[in-house]
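Only one structure is covered here, and it is reproduced in the block below.
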Amino acid sequence: MPESPDRRPPLTAGTALLLATAPLMWAGNAVVGRLAAPLIAPVALNFLRWLLAFALLLPLAWPVLRARSGLWPHWKRYAMLGLLGIGCYNALQYMALTTSTPLNVTLVGAGVPIWMLAMGALFFGAPVSRQQVLGALASVAGVLVVLSRGSWQELQALRLVPGDLYMVLATLCWALYSWLLVRTDQPAGIRADWAAFLLAQMLFGLGWSGAFAGAEWSLGRWHAEWGWPLVAILAFIAIGPAIIAYRCWGLGVQRAGPVAGGFFINLTPLFAALLSAAFLGELPRPYHAAAFVLIVGGIVVSSRRS
């Protein structure tokens, strides 16, 4: 079993880089997911994304699927990880992006650090320190600065829609997924090979996401407009937000713990603002700098030892 949060190694620059790479990829995923909404049904997008990622990763880790692999005695663990991290999280996010505004979706997703702390305390016996609470408040305040664009009137104008509920469910799934990454032992052969670990999750995740996509089709909600835009979208979300981001997130959380990782997720809206500046011509404003200080400050405060 992993060490308790108080005994985990301090946050290093290398671990911070791993944990920051994942939200950078996921910021791109949110932008691209919004662009994909008119082109393909959200659950179908999630299934095709992971199907392509599975095909790309298979040459690196196919032995994990053999009958004598350490995967099968622990199939329940990987079935749960596949359900939460692959079958549910992104499908719910893509669904949210079709019915809610990006502002609302990002705001709801900013609650991940709070869910991390609460879930750890309630179900995994993880203590919550005052520094972690202060770090969570500072980090969420930074996200609010980005979302409000420095104006509280914009936040006051928010109205919740059904898509926001999808994003609440998505953040709960991700918090539980992150805790399960470090609270259960892995078979030795899979633990030593990141590709095998991710492929084991994808195997069951494809089953879940395929079943959900089938339900979407049976309800008459499946559609796809094939062309180079959709192909490019699938290629990006399968390689970047799926393989690269999940590799960085899994390794970073194993090193620093799920609570510290939860704070890094709040870099996602900041990266989204920067990507908007790069690709949409919206230049950074002073509030972006203030938000960066708050978010990074919250990460630093939460990761310090008592």
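Summary of values
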{"quantity": "Helices (runs of 4 or more DSSP H) contained in the stretch 75-157 and holding at least 2 residues polar (S, T, N, Q) and either buried (at least 21 other Cβ atoms within 10 Å of the Cβ) or modelled with pLDDT under 80 (or both)", "calculated": "89-99, 102-109, 130-148, 152-156"}
{"quantity": "Lone unmet requirement of (1) surrounded by fewer than 21 Cβ atoms within 10 Å (Cβ to Cβ); (2) touching a His at 6+ places or on another chain (Cβ under 8 Å) for residue 67", "calculated": "(2)"}
{"quantity": "Flag if residue 61 is in contact with an Asp or Glu (Cβ under 7 Å, 6 or more places away or on another chain), surrounded by 17 or more Cβ atoms within 10 Å (Cβ to Cβ) and farther than 17 Å from residue 169 by Cβ", "calculated": "yes"}
{"quantity": "Residue in the stretch 16-23 that is over 15 Å from the mean Cα position of the chain (by Cα), in a loop (DSSP other than H, G, I, E, B) and at negative phi present", "calculated": "no"}
{"quantity": "Selected residue (criterion: nearest to the chain's Cα centre (by Cα)) from residues of the stretch 188-232 that are under 13 Å from residue 41 (Cα atoms) and of a type in the set (A, V, I, L, M)", "calculated": "213"}
{"quantity": "Single residue of 198, 230 found to be out of contact with any Pro (no Cβ under 9 Å at 6 or more places or on another chain) and buried (at least 24 other Cβ atoms within 10 Å of the Cβ)", "calculated": "198"}
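The values are calculated or read from the model by the stated rules, or taken from the named source; none is laboratory data. As the structure is a computational prediction, the values presented were derived from the model and not from experiment. Note that each Cβ is placed from the backbone with ideal geometry, even for glycine, and that neighbours are counted across all protein chains shown.
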